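Below: one structure, written as structure tokens.
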Amino acid sequence: IMASPNSSVVAGLTALNQGDYDKAIAQLEAAYQTPSDPTTLVKVQMGLVIAYKNVGDERAIALCETLIQHHDPQIQAWAL
């Protein structure tokens, strides 16, 4: 049985909540490479922004620029 893409999302967000940013990045990047529904994708992107920001990774900025283009004004505001 293959692991569902959501298992990486859950593991990544859990690690993020625990402050384990390296693990969160590893899991969320894996989830990001896997096609998923738009809602899950946004959660993954937002999780990655938080994790990247906490480890000083400049990819946080690039992801925010992607999220600013999102159709949901709340997500746009969050990314700003």
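The values are calculated or read from the model by the stated rules, or taken from the named source; none is laboratory data. Everything numeric in this text was worked out from a predicted model, so none of it was measured. Counting neighbours? That spans all protein chains shown, and the Cβs are built from the backbone with ideal geometry, glycine included. Accessible surface is based on the protein model in full, side chains and every heavy atom, while ligands, DNA and RNA are left aside. Shrake-Rupley method; radii C 1.70, N 1.55, O 1.52, S 1.80 Å.
Brief remarks follow.
- Number of the exception - ALA3 against (1) touching a helix residue (DSSP H, G or I) at 6+ places or on another chain (Cβ under 9 Å); (2) modelled with pLDDT under 95: (1)
- When the helices (runs of 4 or more DSSP H) confined to region 1-68 are screened for residues that are of a type in the set (Ser, Thr, Tyr) and crowded, with 17+ Cβ neighbours inside 10 Å, those reaching at least 1 such residues are found at 5-17, 21-32, 38-55.
- Residue satisfying all of: in region 69-78; assigned to a loop (DSSP other than H, G, I, E, B) and within 11 Å of VAL42 (Cβ to Cβ); most open to solvent (accessible area, probe 1.4 Å) among these: HIS71
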